[in-house]
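Step one of this worksheet: look at the structure below.
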Amino acid sequence: MTGKQLEFDQRVHRLNKKHQKMSRGYRASMRRDGLVVMKPQRVRSAVPAKVLLLSLLAFFAFKAFLLSSLGPSGYQYRIDSLNDGTSVEQAGAWVMQIDPLSEAMAVQLNKILY
């Protein structure tokens, strides 16, 4: 009796999981034998990956532009002054610190602009 009960509980769990997925949207498709089957649709992210990638690239380009225009010592001076501020300013200093990617992009910008 316990084996049958466990099998039943597993089936109910699978059906509940499928029902939750289908409540977010589904599509109908026909199998080769003519049976129409409902399949849950994938949940898409609210923000596409391409937008996130472009935003990240724009952020690093901005940092590289600042680093290129201020120079490493001027940039580091501003980062140090942010580190002396509030916790929000310290978080900004951590985000804006010089990293290898921004430094490499700044070198390339210097070659192009100057």
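Considering only residues that are out of contact with any helix residue (DSSP H, G or I) (no Cβ under 8 Å at 6 or more places or on another chain) and either in contact (Cβ under 8 Å) with a residue 40 or more places away in the chain or on the phi > 0 side of the Ramachandran plot (or both), which ones fall in the stretch 14-63?
Answer for the stretch 14-63, where residues must be out of contact with any helix residue (DSSP H, G or I) (no Cβ under 8 Å at 6 or more places or on another chain) and either in contact (Cβ under 8 Å) with a residue 40 or more places away in the chain or on the phi > 0 side of the Ramachandran plot (or both): GLY25, GLY34.
Filter the stretch 33-74 down to residues that are more than 25 Å from the chain's Cα centre (by Cα) and β-branched (Val, Ile, Thr) and give me whichever is nearest to VAL107 (Cα to Cα).
Checking each candidate, the answer is VAL37.
I'm trying to understand the selection: among the residues of the stretch 1-28, which are surrounded by 10 or more Cβ atoms within 10 Å (Cβ to Cβ) and in a strand (DSSP E or B)?
Result: TYR26, ARG27.
In the stretch 29-63, which residues are in a helix (DSSP H, G or I) and not small (Gly, Ala, Ser)? If you could, list the steps in order and put the result at the bottom.
Quick first cut of the stretch 29-63, residues in a helix (DSSP H, G or I) only: 49-63.
Within the stretch 29-63, LYS50, VAL51, LEU52, LEU53, LEU54, LEU56, LEU57, PHE59, PHE60, PHE62, LYS63 meet the criteria.
Please give the number of the condition SER102 fails out of (1) out of contact with any Lys or Arg (no Cβ under 6 Å at 6 or more places or on another chain); (2) surrounded by 10 or more Cβ atoms within 10 Å (Cβ to Cβ); (3) assigned to a helix (DSSP H, G or I).
For SER102, the exception is condition (1).
Condition test on LEU67, is it part of a helix (DSSP H, G or I) and either free of Cβ contacts under 8 Å to residues at least 12 places away in the same chain or outside the structural domain of GLY92 (by TED's automatic domain parsing) (or both)? Walk me through how you get there before you give the answer.
Details: part of a helix (DSSP H, G or I): yes; either free of Cβ contacts under 8 Å to residues at least 12 places away in the same chain or outside the structural domain of GLY92 (by TED's automatic domain parsing) (or both): no.
Taking the combined requirement at face value, the residue does not satisfy it.
Got a sec? Which of GLY85, GLY74 is in a loop (DSSP other than H, G, I, E, B), of a type outside the set (A, V, I, L, M, F, W, C) and more than 30 Å from MET22 (Cβ to Cβ)?
Numbers: GLY74 fails: in a loop (DSSP other than H, G, I, E, B).
Residue meeting the stated conditions: GLY85.
Sort out which residues of the stretch 75-112 are under 19 Å from LEU57 (Cα atoms) and more than 28 Å from the chain's Cα centre (by Cα), and write them in order of number. Show your work before the answer.
Here is the first cut: in the stretch 75-112, the residues under 19 Å from LEU57 (Cα atoms) are 92-110, 112.
Listed by number, the residues that qualify are ASN110, ILE112.
The values are calculated or read from the model by the stated rules, or taken from the named source; none is laboratory data. Just so it is clear, the model here is predicted, and its values are computed rather than measured. Positions of Cβ are backbone-derived with ideal geometry, glycine not excepted, and every protein chain shown enters the neighbour counts.
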